[in-house]
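Have a look at the structure below, then the notes.
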Amino acid sequence: MNKQKYEEIKKIFRNNKGFTRTKDIINAGIHTSYLYQLTDDNVVRKIKPGLYYWNDYKIDVQEELVEVAKIVPKGVICLLSALSYYEMTTYNPWEYYIAIHRDDFKPSIPDYPPIKVFYFAEKQYRTGIKEISIQGNIVKIYDLEKTICDCIRYRNKIGIDIVKEALNEYIKKKEKNINKLIEYAKITGAYSITKKYFEVLL
């Protein structure tokens, strides 16, 4: 590939924190064939139609969590993003998962950082929220037990294997609180399936 084009495209990705859209490449006067060549060479990964990620770009996850919290101020970090924060999964999610109350207005979401919004009912939304401080910013996230319950509830969306891995990691933790987890499971309507999982694991 032409080195100049390579550097021009890389700069576009860098300016957008590792992401770019097809239209960003076109607007820069660069033919999309260069982008497709980078994808074929595994330098760039196609996330979804029109959105690409530079594979070796180092994302500051904590900084991104703060940005996501500012984009969706009523949101709570959940599911895979919460699992990743608690180091309960080896899966590296390419988008940020955040929950809002189902009665709230749909937030305006930019193309990047990529954010996936989940709409939770009252009990599912209010239960298990904690606040963490990142670089002096307050970010809302579900605690570990609520995160496990949510992952079980959304197992078909996030993947059974990811849920199993998270449960196995949770069982190993000394500071786990299974009583709290069961309480959350009852509140959120995930008790029966949670009970089945733990009957196998314990």
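Could you tell me how far the Cα centroid of the range 29-90 sits from the Cα centroid of the range 130-202, in Å?
Rounded to whole Å, the Cα centres lie 24 Å apart.
Could you tell me which GluC sites (Glu not before Pro) in the range 63-142 are loop residues by DSSP with no more than 10 other beta carbons within 10 angstrom of their beta carbon?
Details: sites: Glu63, Glu64, Glu67, Glu87, Glu95, Glu122, Glu131; in loops: Glu87, Glu95.
Within the range 63-142, the qualifying GluC sites (Glu not before Pro) (loop, at most 10 other Cβ atoms within 10 Å) are Glu87.
Gaussian network model of the chain, Cα springs within a sub-10 Å range: biggest mean-square fluctuation belongs to which of Gln62, Gln124, Gln37?
Highest fluctuation among the options: Gln37.
Most mobile of Gly136, Gly75, Gly18 per a Gaussian network model of the chain (Cα springs, under 10 Å)?
Of Gly136, Gly75, Gly18, the Gaussian network model singles out Gly136 as fluctuating most.
Can I get the semi-axes of the range 3-54's equivalent ellipsoid? Compute them from the C-alpha gyration tensor as square roots of 5 times the eigenvalues, in angstrom, largest first. Could you put the intermediate results ahead of the total?
Numbers: eigenvalues 36, 29, 24 Å².
Values for the range 3-54, descending: 13, 12, 11 Å.
Among the chymotrypsin sites (Phe, Trp or Tyr not before Pro) within the range 95-167, which fall in a DSSP loop and have no more than 15 other Cβ atoms within 10 Å of their own Cβ? Let's see the in-between values first.
Numbers: sites: Tyr96, Tyr97, Phe105, Phe118, Tyr119, Phe120, Tyr125, Tyr142, Tyr154; in loops: Phe105, Tyr154.
The qualifying sites are Phe105.
Which entry in (1) 67; (2) 45; (3) 29 is this structure's computed percent of Cα pairs over 25 Å apart?
Matching the structure shown: (2).
Which entries in the list Lys58/Lys180; Lys106/Lys146; Lys146/Lys172; Lys11/Lys74 go over 28 Å, if you measure between the two C-alpha atoms of each?
Working: Lys58/Lys180 36 Å; Lys106/Lys146 23 Å; Lys146/Lys172 17 Å; Lys11/Lys74 33 Å.
Violating the 28 Å limit, Cα to Cα: Lys58/Lys180; Lys11/Lys74.
Which of these, Val61, Val139, Val163, has the largest mean-square fluctuation under a Gaussian network model of the chain (Cα springs below 10 Å)?
Sorting by GNM fluctuation, first place goes to Val61.
Values in this text are rule-based calculations from the coordinates and carry no lab data. All values derive from a computational prediction rather than experimental measurement. We place every Cβ from the backbone using ideal geometry, glycine too, and count neighbours over all the protein chains shown.
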